[in-house]
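Here is the structure we will look at.
The values are calculated or read from the model by the stated rules, or taken from the named source; none is laboratory data. None of these values were measured; they are calculated from a predicted model. Neighbour counts run over all protein chains shown; Cβ positions are idealised from the backbone, glycine included. All accessible areas refer to the heavy atoms of the entire protein, side chains included, with ligands and DNA or RNA removed. Shrake-Rupley method; radii C 1.70, N 1.55, O 1.52, S 1.80 Å.
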Amino acid sequence: MEKILVIDFGGQYNQLIARRVRELSVFAEIIPYDKITCKEIKEAGYRGVIFTGGPNSVYDESSPHFDPGFLDLNIPILGICYGCQLIAYTAGGEICSAGSISEYGKTELTVCPCRLFEGIPEKSICWMSHTDYVKSLPEGFGITAFTPSCLCAAFADEKRDIYAVQFHPEVTHTEFGKRIIENFVKSICGCSGDWTAESFIETSVEKFRRELAGKKVLCALSGGVDSSVAAVLLNKAIGSRLICVFVDHGLLRKNEGDIVERVMKEKMGLNLIRINAQSRFLKKLEGVTAPEEKRKRIGEEFIRVFEDVASETGKVDVLVQGTIYPDVIESGKGDAAVIKSHHNVGGLPDVIKFEKIVEPLRDLFKDEVRAVGRELGIPADLVNRQPFPGPGLAIRIIGEVTRERLEILKECDAIFREEIDSAGLADQISQYFAVLTNCRTVGVMGDAGTYGYTLALRAVTTDDFMTADFARIPFETLAKASNRITNEVRSIGRVAYDITAKPPATVEWE
Ligand code: XMP
């Protein structure tokens with residue numbers, strides 16, 4: 001498989017670099033600068049190497065460096081920002097602090113003819129963000145671009161296929177950034193771009209068929225995107241030797257348990273065991289009002305349910321985890337199996353006896369997981385589903401979780417989702433749901449007074465869920481949802497829309 005190595009020096013856009021390469025249908029892998037040697041790079045057969053940006057200055061004592069041997073690998077190299085300075089520094093050039101002329105933001109870039117800049121106009125806009133700059137170039141290198149305040153905005157040794165750019169081609173503010181990365185990956189590294197969802201499935205199926213021959217494999221299905229795609233992919237490889245266990249804790253959204261079961265069992269043909277454990281979970285949640293205690297009890301009960309499953313299935317050889325690439329990068333690549341601390345599978349490996357963990361999606365970003373899911377034929381509404389917390393609706397009911405409150409919330413949440421859907425807003429909102437507060441409120445209905453619950457609606461837009469803004473849903477949609485909820489769910493006396501950003505609030509109420 002054609003692949004590009006992204007050597008990570010700690011810059012903020014590093015994942016974006018890998019994304020840009022993958023958008024060209026070429027596999028890109030991010031590895032920290034101190035976790036790979038020249039020998040490993042050679043052996044792994046990378047077609048090209050990209051050095052990322054980073055927050056350091058090459059002269060800082062603690063700043064990251066690479067083995068000078070990296071430059072003699074005979075593999076094309078592209079250095080970006082800090083990676084660019086590091087190439088110059090390592091090869092014997094001089095780096096200086098730009099001091100008062102440091103550049104941040106959009107700048108006019110002038111490029112000279114060079115393979116990296118093929119098809120790019122002489123003048124365009126690029127995104128700069130640096131305080132150091134390359135003052136003098138090492139032997140063999142020539143300047144290939146400049147800006148009004150940076151004489152050496154790019155340089156190259158075309159004979160050795162080593163290229164360096166001080167600006168960031170990976171961000172959209174760089175007008176021809178995509179083309180620059182494409183020039184590097186396709187024309188300089190010679191990649192054809194054969195890495196697609198289809199080819200990923202084909203290679204994975206072949207690999208797991210071989211690796212898991214004769215093995216008994218268990219997958220804990222949560223109904224979420226990652227575990228569903230992992231299960232369907234493995235099912236394609238090993239069929240009924242994959243046992244999928246779907247624990248329905250009763251805290252899923254309206255009809256969700258049935259939908260997951262129907263789709264996975266009937267449409268996708270999985271060997272699925274559904275465990276209806278609603279009463280068990282409700283019992284554990286009796287009298288509990290503190291959010292963390294709810295999470296803890298739900299997590300523990302999952303383990304208890306799995307202990308029972310384990311006694312029925314007996315020893316399994318392999319456990320499947322739905323770990324995806326961002327989890328791997330965040331927890332430091334190179335570590336052995338990274339076990340996701342999802343609330344719904346937390347602690348599982350301790351109760352199920354197994355020899356090995358398999359993570360079929362550990363190389364994929366979320367949108368790539370969705371693309372694989374679609375290619376596998378999983379219905380769009382399951383593949384495009386918004387994130388849903390492991391403890392489910394329990395943390396969207398403020399105060400005690402009872403059967404009655406759970407039913408009220410399920411109805412209200414379903415109506416809100418229907419209204420968002422029919423207004424055509426579903427694709428524009430990252431996560432939206434209803435919260436049942438424990439605030440009772442006075443109202444009137446006909447001639448009688450009422451004293452119902454206050455329901456809160458929450459909808460956010462976000463890229464990464466670390467920060468979020470409330471979605472600007474049109475009043476008409478909110479009015480329609482509110483009207484339907486108060487008419488159709490008698491115990492609701494008032495509906496409020498949450499207009500808080502994160503921070504200071506979180507996405508969930510608990
Ligand atoms: P917060 O509320 O922390 O939510 O701003 C950020 C994202 O995380 C989800 N979330 C959870 N997911 N178990 C999960 O699996 C949890 O306990 C949990 N709490 C929050 C939340 O839905 C949002 O997508």
Practice item. Find the centroid of the Cα atoms in segment 71-122 and in segment 290-315, then give the distance between the two in whole Å. Key: 53 Å
Practice item. Counting helices only, and only those DSSP H runs with n ≥ 4, report the 222 nm mean residue ellipticity of the chain as the sum of -39,500 (n - 2.57) divided by its residues, in deg cm²/dmol to the nearest 500. Key: -9000 deg cm²/dmol
Practice item. Among Ser124, Pro503, Val21, flag the residue with its Cα farthest along the positive direction of the charge dipole of the chain, charges on Cβ as +1 for Lys/Arg and -1 for Asp/Glu. Key: Pro503
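Quick check of the Kirkwood formula: for segment 212-289, what is the inverse mean of 1/r over all pairs of different Cα atoms, in Å? Walk me through the intermediate numbers first.
Details: mean 1/r = 0.0752 Å⁻¹.
Computed over Cα pairs of segment 212-289, the Kirkwood hydrodynamic radius comes out at 13.3 Å.
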Review point. So, in Å, what gap is there between the alpha-carbon centers of segment 406-437 and segment 201-273?
Key: 27 Å
Point to revise | Value of Rg to Rh for segment 7-128 (Rh from inverse mean 1/r over Cα pairs, i.e. Kirkwood) | key: 0.96
Exercise for review: With viscosity set to 1.306 mPa s and temperature to 10 °C, compute the Stokes-Einstein D of segment 139-231, Rh being the Kirkwood radius across alpha carbon pairs; µm²/s, no decimals.
Suggested key: 90 µm²/s
Revision key, fill the gap. Expressed per residue, the solvent accessible area of the chain in Å² (1.4 Å probe) is about 44 Å²
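I'd like the per residue volume of the convex hull spanned by the Cα atoms of segment 356-510, given in cubic angstrom.
Details: hull volume 23.4 nm³, N = 155.
Spelled out: Cα convex hull of segment 356-510, divided by residues, is 151 Å³.
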Practice item. Note the angle between two axes, namely the Cα long axis of helix 403-422 and the longest principal axis of the Cα atoms of the chain, as a number of degrees from 0 to 90, rounded to the nearest 10. Key: 50 degrees
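If packing is taken as the average number of other Cβ atoms within 10 Å across a peptide's residues, how do 117-129, 213-225 rank, most packed first?
On the way: 117-129: 17.3, 213-225: 19.8.
The densest-packed peptide leads the list: 213-225, 117-129.
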Check your understanding: In debye to the nearest 20, how big a dipole does the chain give about its Cα centre with +1 on each Lys and Arg Cβ and -1 on each Asp and Glu Cβ?
Key -> 1360 debye
Study note, to complete from the structure: Here the averaged projected area of the chain, based on the convex hull of its alpha-carbon atoms and given in nm², is 27.2 nm²
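Quick one: putting +1 on the C-beta of Lys and Arg, -1 on the C-beta of Asp and Glu, what dipole do you get for segment 3-188 around its Cα centre, in Debye to the nearest 20?
On the way: 17 positive and 23 negative charges, 118 e Å.
Using only the charged Cβ atoms, the result is roughly 560 debye.
About the Cα centre of segment 402-497, what is the dipole size in debye to 20, counting +1 per Lys and Arg Cβ and -1 per Asp and Glu Cβ, all else neutral? Please report the intermediate quantities before stating the final value.
Working: 11 positive and 14 negative charges, 87 e Å.
Using Cβ point charges on Lys, Arg, Asp and Glu, segment 402-497 gives about 420 debye.
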Review point. Which percent of the accessible heavy-atom area of the chain goes to carbon and sulfur, probe 1.4 angstrom?
Key: 49 percent
Practice item. May I ask which residue of Ala153, Leu218, Val185 lies farthest towards the positive end of the charge dipole of segment 124-233, with charges of +1 (Lys, Arg) and -1 (Asp, Glu) on Cβ and the Cα centre as origin? Key: Leu218
Practice item. Positive end of the charge dipole of the chain (Lys, Arg +1 and Asp, Glu -1 on Cβ, about the Cα centre): tell me which of Asn276, Met466, Pro360 has its Cα farthest that way. Key: Asn276
Exercise for review: Quick one: which residues, 5+ away or cross-chain, put their amide H under 5 Å from the amide H of Ile357? H built at 1.01 Å from N.
Suggested key: Leu319
Point to revise | Rounded tilt (10° steps) of 475-488 against the dominant C-alpha axis of the chain | key: 30 degrees
